[in-house]
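Structure record follows, encoded as structure tokens.
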Amino acid sequence: MNHSKFLTRCLQLANYGRGTTSPNPMVGAVVVHNGVIIGEGYHRKAGEPHAEVMAIRSVENHDLLKQSILYCSLEPCAHYGKTPPCCELISSHGIPHVVIGTGDPHSKVDGKGVAHLRNHGIKVEFAPSPKVYRQLNEVFWTNMTKNRPHFTLKWAENDSGHIDGYRTAEEKALSISGPLAALRTHQLRGSVDGILISSKTACFDRPSLTTRKWSGQSPTPIILLSQDFPLQREWLASLAVQPIIIGNKLPQGYSGINCDPRNLDQWVPKLLDFGLNHILVEGGARILQSFIDSNLADSIHKYISKDQLEDGVNAPEAPKLTTLAQLGNDRYERS
């Protein structure tokens with residue numbers, strides 16, 4: 001039996017749930033009888049049935065389940081949440097063989113689903129390499145294993161290594177990336193829960209922080225407060241989503257975390273309490289660098305234009321990235 005092609009199908013199915021399953025992982029499952037897929041499913045939305053349930057339900061002749069193999073991209077759950085444990089459903093149908101892409105790092109699962117299956121006489125196998133199945137749910141994996149949000153850093157710089165010129169709040173920001181890079185940025189915004197900037201960036205640029213150039217829900221703004229750059233009430237009121245503010249003295253009427261924003265250990269894990277599992281960090285340069293230096297940069301997206309600037313604000317120093325595409329006049333790189 002060629003397990004890899006059926007596990008690949010599980011990955012394809014799981015991706016159909018991208019953007020709708022958080023805080024749950026994306027999962028796909030297929031039921032195979034004599035080398036033929038007779039059922040398949042995926043987790044569509046948090047709170048709805050899991051992939052294994054959907055796959056088993058889709059099988060027309062349930063008598064075939066006792067001679068079938070169930071493939072799933074992630075270890076079947078073993079606890080009661082909004083839905084019953086999938087491992088109990090699998091054993092109740094007498095499915096004799098299960099092949100899993102990777103284990104589940106959630107403390108309520110983490111080997112318990114596999115143990116239940118094996119205790120009920122079910123043969124359990126894993127994919128030779130779990131890497132691709134973990135990458136599918138890299139945000140979930142970070143949340144579970146590091147007890148913090150997954151951070152994606154993004155910035156644009158020119159060919160001379162600057163992200164902006166030296167300027168005052170009254171002067172406009174240097175325009176670096178082109179329309180295709182801007183479109184990609186808004187697509188990225190639509191895939192995260194929060195978007196983090198400094199109050200200096202807020203005062204200088206007054207960004208809208210929305211997905212206006214892409215279909216998708218705008219993320220929650222997260223503002224790191226600095227006493228040197230107090231937030232303007234007019235700008236705060238203009239935001240499409242109520243922001244979360246991190247600082248020693250929060251503006252009246254706004255929620256957040258009362259602490260020193262320079263101490264990342266104090267507030268980074270607490271962002272999970274706000275349902276912020278994946279956060280896009282957009283600046284400024286000092287904040288981006290602090291995330292890199294603190295080993296909190298889980299992924300980096302960088303756009304590089306062909307323009308040159310004699311002097312200005314230096315871009316963050318990042319590890320070597322991989323060039324993925326040319327977006328108009330911009331080179332797109334990411335980790």
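What follows is calculated from the coordinates using simple rules that are stated; it is not laboratory data. These figures come from a predicted structure and were not determined experimentally. Here Cβ is always computed from backbone atoms with ideal geometry, including for glycine, and neighbour counts include all displayed protein chains.
General observations
- Under 16 Å from the Cα of Lys108 - lysines, other chains or at least 8 residues apart: Lys82, Lys146
- For the chain, the longest principal axis of the C-alpha atoms and the axis of helix 3-15 are separated by about 50°.
- Rg/Rh (Cα only; Kirkwood hydrodynamic radius) as it applies to region 22-92: 0.96
- Taking a ≥ b ≥ c as the square roots of the eigenvalues of the Cα gyration tensor, region 1-143 is rounded, since a/c falls below 1.5.
- Proximal aspartates and glutamates to Lys112, defined as alpha-carbon separation beneath 15 angstrom and excluding residues fewer than eight positions away on the same chain: Glu75, Glu88, Asp104, Glu125
- Since only Leu225, Ser215, Pro243 are under comparison, the one whose Cα sits farthest along the positive direction of the charge dipole of region 198-248, derived from C-beta charges on Lys, Arg, Asp and Glu, is Ser215.
- In plain terms, the bigger the Kirkwood radius, the slower the diffusion; for region 207-335, with that radius from Cα pairs, at 4 °C and 1.567 mPa s, Stokes-Einstein puts D at 77 µm²/s.
- Prolate/oblate/rounded label for region 209-276 (Cα gyration tensor, a/c 1.5): oblate
- Cα-Cα pairs of the chain separated by more than 30 Å (percent): 44
- Cross-link table Lys5/Lys320; Lys45/Lys200; Lys45/Lys154; Lys45/Lys131; Lys5/Lys154, entries beyond 29 Å C-alpha to C-alpha: Lys5/Lys320; Lys45/Lys200; Lys5/Lys154
- Global geometry of region 125-187, whether rounded, prolate or oblate, following the gyration tensor of its Cα atoms and the 1.5 cut on a/c: prolate
- Antiparallel bridge percentage (DSSP; both residues within region 3-141; nearest 5): 55
- For the chain, the share of DSSP beta bridges that are antiparallel, to the nearest 5, is 40%.
- Inter-part distance where region 116-195 and region 296-335 are each reduced to a Cα centre, Å: 14
- Taking the Cα centre of region 33-130 as reference, the dipole from Cβ charges on Lys and Arg (+1) and Asp and Glu (-1) amounts to some 160 debye.
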